[in-house]
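*Asks:* If you scroll down you'll find the structure; I have some questions about it.
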Amino acid sequence: MLDSNIKAQLAAYLEKLQRPIELVASLDDSAKAQEMRGLLTDIAELSPKVSLREDGTAALRPSFAIGLPGETPRITFAGIPMGHEFTSLVLALLQTGGHPPKVEQAVIDQIKALPGTFNFETYISLSCHNCPDVVQALNLMAVLNPGVTSTMIDGAMFQDVVNARQIMAVPTTYLNGEEFGAGRMLIEEILAKVDTGAAARAAEALGQKEAFDVLVVGGGPAGAAAAVYAARKGIRTGILAERFGGQVMDTLGIENFISVSHTEGPKLVAALEQHVKDYEVDIMTLQRAAKLVPASEAGGLVEIQLENGASLKSKSVILATGARWREMNVPGPRASASARTATARCSRASALPSSAAATPASKPPSIWPASLPTSRCSNSPTPSAPTPFCRKSSTACPTSPSSSQRKRPKSPVTARRSTASPTRTALRKRSSTSNSKASSSRSACCPTPTGSRARST
């Protein structure tokens, strides 16, 4: 299943396992099950700390789970995690095996302190570049908290479930059987939705911060640049943003960044964030500014009031709020309570089947049904006007006037200028003659329908 190069790289990663892990497969007699068995066998042969058994009882087959020996696994892959999801598989193996995750300690503590039971299901496509962020965040939560389970479901392999739930885009996440969110979500955003006390704690922590010298509102490239320039002067600097990176996080290919011929949005944002963190900049995300209160006197402090009730003060404020996709006033784009839902999703119609992951040069068939209900699709294409059809020759009528030839009402200025210009008058007469000939030719090609009145010339 895996070639020699990938096996060598994966073996190097598996050397970082700190404890034994177990792969539990739930297979059937399908061809995909045989592929999955081959993948799991290859992985188990690369490290003595990885074992495989095939007595799983999962309802979704074929699938496999990753866990510790003697414990119920909490991470499940209902599908073959290749393509973009291969990284999710590698991280799940490492983190289950005790390798420390690269997240802040405050996030780890928040995950461990979550009370209750959370059963997440994430519907993905192997060609979706937004899906791994959600899958990896939920897998990490399942590793750290015994009350959390995470199941990745490949829509190409389980289309009956996808159709039953009318899933129109990926990633789509369900929590305890109910739709939880759609589109890319970072782990901080997921925690803010499931942790009911997170907003109050964040507001209290923000209210205790000292006044800044410079506070940048906005976490996109402009905000990051402003923060770096301010922090380099040695002054107290902060960034307030809904999420770091802004709209760039939803951009896959970037080819107009001078000196870099090609990069991707998440990659560029990661570099920007690392650059900002090289200086002592206080980054405050998942926050929205509601009001700016100017200083009451010269040399006073500007106040930024937030939607969660907290407020921040600063000697200077730089507004770098950037832009966001305009929303349509329909329920679809607001379903995930996020203004970027429509852009952070991968359309079902453009998703690739899992069988085509190894041959991206070919044009694969869609994994989704041929006919989709348009009531839930916000980006249905608008039908274009049909080309006039010739009844006699059964072809497109060659003499039909284009949209540019149709007469438009003239403004008074245009009318006065046209009467004063002999050249334009001659051109208008020539155009009128051409249109008359075209009308005659069209009448011979496409007769006027019965009951309609022909226009006199």
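*Asks:* Considering each residue of the range 157-174, count those that are of a type in the set (A, V, I, L, M, F, W, C) and under 24 Å from PRO266 (Cβ atoms), and give that number.
*Replies:* Count: 4.
*Asks:* Let me ask something else about it. From the list THR76, THR96, THR117, THR72, pick out the single residue that is surrounded by 15 or more Cβ atoms within 10 Å (Cβ to Cβ) and farther than 17 Å from MET157 by Cβ.
*Replies:* Within the list THR76, THR96, THR117, THR72, the selection yields THR96.
*Asks:* Here's something else I'd like to know. Of all residues in the range 168-195, count the ones that are touching a strand residue (DSSP E or B) at 6+ places or on another chain (Cβ under 9 Å), at pLDDT below 95 and assigned to a loop (DSSP other than H, G, I, E, B).
*Replies:* 3
*Asks:* Has the range 162-173 got at least one residue that is over 29 Å from ALA113 (Cβ atoms), in contact (Cβ under 8 Å) with a residue 60 or more places away in the chain and exposed (fewer than 15 other Cβ atoms within 10 Å of the Cβ)?
*Replies:* Among the residues of the range 162-173, at least one is over 29 Å from ALA113 (Cβ atoms), in contact (Cβ under 8 Å) with a residue 60 or more places away in the chain and exposed (fewer than 15 other Cβ atoms within 10 Å of the Cβ), which makes the answer yes.
*Asks:* Let me ask something else. Working only within the range 96-134, note down all residues that are under 20 Å from the mean Cα position of the chain (by Cα) and under 16 Å from PRO73 (Cα atoms).
*Replies:* Those that are under 20 Å from the mean Cα position of the chain (by Cα) and under 16 Å from PRO73 (Cα atoms): PHE120, GLU121.
*Asks:* I'd like to verify a number: residues in the range 96-134 that are in a helix (DSSP H, G or I) and within 11 Å of HIS84 (Cβ to Cβ), how many?
*Replies:* 3
*Asks:* Inside the range 1-86, counting only strands (runs of 3 or more DSSP E) that do not spill past its ends, which hold 2 or more residues that are within 19 Å of SER150 (Cβ to Cβ), in contact (Cβ under 8 Å) with a residue 60 or more places away in the chain and not charged (D, E, K, R)?
*Replies:* Filter on the range 1-86 gives 75-78.
*Asks:* In the set VAL260, VAL293, which member is modelled with pLDDT of 95 or more and over 23 Å from LYS193 (Cα atoms)?
*Replies:* VAL293
*Asks:* Return yes when ALA205 is touching a strand residue (DSSP E or B) at 6+ places or on another chain (Cβ under 8 Å) and of a type in the set (A, V, I, L, M) and no when it is not.
*Replies:* no
*Asks:* Let me ask you something else. If a residue must be surrounded by 14 or more Cβ atoms within 10 Å (Cβ to Cβ), part of a loop (DSSP other than H, G, I, E, B) and either touching a helix residue (DSSP H, G or I) at 6+ places or on another chain (Cβ under 9 Å) or at pLDDT 95 or above (or both), how many such residues does the range 263-290 contain?
*Replies:* 4
*Asks:* Yes or no: the range 215-232 includes at least one residue that is more than 15 Å from MET284 (Cβ to Cβ) and not assigned by TED's automatic domain parsing to the domain that holds VAL281.
*Replies:* Within the range 215-232, none of the residues are more than 15 Å from MET284 (Cβ to Cβ) and not assigned by TED's automatic domain parsing to the domain that holds VAL281.
*Asks:* Please go through the range 22-40 and pick out each residue that is surrounded by 15 or more Cβ atoms within 10 Å (Cβ to Cβ) and either of a type outside the set (A, V, I, L, M, F, W, C) or out of contact with any strand residue (DSSP E or B) (no Cβ under 6 Å at 6 or more places or on another chain) (or both).
*Replies:* If the condition is that a residue be surrounded by 15 or more Cβ atoms within 10 Å (Cβ to Cβ) and either of a type outside the set (A, V, I, L, M, F, W, C) or out of contact with any strand residue (DSSP E or B) (no Cβ under 6 Å at 6 or more places or on another chain) (or both), then GLU22, SER26, LEU27, LYS32, ALA33, GLU35, MET36, ARG37, LEU39 are the ones that fit.
*Asks:* Quick test for you: out of LEU268, LEU252, pick the one residue that is closer than 20 Å to GLY322 by Cβ, in the same structural domain as ALA310 (by TED's automatic domain parsing) and touching a strand residue (DSSP E or B) at 6+ places or on another chain (Cβ under 9 Å).
*Replies:* LEU268
*Asks:* Can you find a residue that is touching an Asp or Glu at 6+ places or on another chain (Cβ under 6 Å) and touching a residue at least 60 places away in the same chain (Cβ under 8 Å) anywhere in the range 139-152?
*Replies:* There is at least one residue in the range 139-152 that is touching an Asp or Glu at 6+ places or on another chain (Cβ under 6 Å) and touching a residue at least 60 places away in the same chain (Cβ under 8 Å).
*Asks:* Return the only residue of LEU191, LEU138, LEU126 being touching a helix residue (DSSP H, G or I) at 6+ places or on another chain (Cβ under 6 Å), outside the structural domain of GLN274 (by TED's automatic domain parsing) and crowded, with 23+ Cβ neighbours inside 10 Å.
*Replies:* Result: LEU126 is the single residue among LEU191, LEU138, LEU126 that is touching a helix residue (DSSP H, G or I) at 6+ places or on another chain (Cβ under 6 Å), outside the structural domain of GLN274 (by TED's automatic domain parsing) and crowded, with 23+ Cβ neighbours inside 10 Å.
*Asks:* Could you grab me the full set of residues in the range 221-256 that are β-branched (Val, Ile, Thr) and under 18 Å from ASN130 (Cα atoms)?
*Replies:* Across the range 221-256, the qualifying residues are VAL248, THR251, ILE254.
The values are calculated or read from the model by the stated rules, or taken from the named source; none is laboratory data. This structure is a prediction, so every number in the text was calculated from the model and none was measured. Note that each Cβ is placed from the backbone with ideal geometry, even for glycine, and that neighbours are counted across all protein chains shown.
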